[in-house]
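I have placed the structure first, in the form of structure tokens, so that the comments after it can refer back to it.
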Amino acid sequence: MQKCFKSRFSFYDRWLDRHAIVLNMEAFQDLIVILLCLSLFAVMLIQVWGIFIAITQSIEYKQVTAKMLFVLILVELFRLLILYLQEHSIAVSVAVEVGIVSVLREVVVHGALEISGIQTAEICGLLLILGGLLLGLLLVCGKKPHMDCMSANTKYCPTAHQERR
């Protein structure tokens, strides 16, 4: 006696195809991420132009350093979005790195001497937590190859090189 699957009849007799809806939503989500990548790239170009103008006109090291760190944050966010497009998952280690650089940028922008003692303790605590999280990710996932290594597919990536053999 054959078992009649309920899902077989309810899925094919419907007006809406769930699989097609999910595929279309994923494509739309990829389009949104691509638009975010393009806009981040445009903002990076504007910031680099601003750094060039700031260097040539007046030398305010604090502002130039803040803009450079902001460009580095944008580069990391761009990298995070590219990894999402490739793998359809968020690289938590890259997101933690972005958080660390963002906190350090705020310290540079506001100046370490202008920050109160309570805020300094909060910043130190946040950096310790983010550093511990990054260290934990490294220890837990240390034996797994990083997504950059997997996508590079070079002889320096141990798993990619073993798969080709």
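Once phi is turned into θ = phi - 60°, what whole-Hz ³J(HN,Hα) does the Karplus curve with 6.51, -1.76 and 1.60 give for every residue of the stretch 121-138, x standing for Gly and Pro?
5, 5, 5, 4, x, 5, 5, 5, 5, 5, x, x, 5, 5, 5, x, 5, 5
Per residue of the stretch 53-68, what does 6.51 cos²θ - 1.76 cosθ + 1.60 with θ = phi - 60° give for ³J(HN,Hα)? Whole Hz please, x for Gly and Pro, Karplus curve as stated.
Those phi angles translate into 5, 5, 6, 6, 8, 9, 9, 10, 4, 5, 5, 5, 5, 4, 5, 5 Hz.
Modelling each spin label as a point 7 Å along the Cα-to-Cβ direction, I'd like the Q47/V108 distance in nm, to one decimal.
Taking the two extended label points, one gets 1.0 nm.
Please report the net charge: other residues with Cβ closer than 12 Å to the Cβ of E97, K and R +1, D and E -1.
My count for the surroundings of E97 gives 0.
Can you check what the net charge comes to around K62, using other residues whose Cβ is under 15 Å from the Cβ of K62 (Lys, Arg +1; Asp, Glu -1)? Working shown, then result.
Working: positive: K67, R105; negative: E60, E106, E114.
Surrounding charge for K62 is -1.
Among 30-38, 74-82, how do they line up by average Cβ neighbours within 10 Å per residue, starting with the highest? Can you show the working numbers first?
Values: 30-38: 12.4, 74-82: 17.4.
Sorting 30-38, 74-82 by mean packing, highest first, produces 74-82, 30-38.
Laboratory data are not the source of any read-out in this text; all were calculated from the coordinates shown. Keep in mind that what you see is a predicted model, and the values were worked out from it rather than measured. Heads up, the Cβs are rebuilt from the backbone with ideal geometry, glycines too, and the neighbour counts pull from every protein chain shown.
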